[in-house]
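What follows is a short report on a single structure.
Bear in mind these aren't lab numbers, they're just calculated from the coordinates by the rules spelled out. Owing to the predicted nature of the structure, the values given are computational and were not obtained by experimental measurement. Neighbour counts are summed over all protein chains in view; Cβ atoms, including those assigned to glycine, are modelled from backbone coordinates with ideal geometry.
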Amino acid sequence: MHKFVNKLSVKAAITANRVKNVLQNERGDFYISDGVKIIIAVVLGALLLAALTAIFNDTVIPRITREIEALFG
């Protein structure tokens, strides 16, 4: 049991050291590249949403309306 606790303590210390090193990292290149990726994803998502909205408003919804009116009218 003492071996297990000692082994667990060493692993916890190693993990704490890794976390400390990551939090003290001041290079910034990782955060900048992630920020750029997020901005690109948001812009592409907005463009895709705008394109789908235009397609649905100009093509799909008027045709569905015509078909329903033809069915019941």
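A few comments on the model shown:
- Taking label positions 7 Å along the Cα-Cβ direction at both residue 20 and residue 56, the computed distance is 5.3 nm, reported to one decimal.
- Rounded to the nearest 20 debye, the dipole size of the chain about its Cα centre is 840 debye, using +1 on the Cβ of Lys and Arg and -1 on the Cβ of Asp and Glu.
- Tensor-based shape of the chain (alpha-carbon gyration tensor, a/c under 1.5 rounded, otherwise prolate or oblate): oblate
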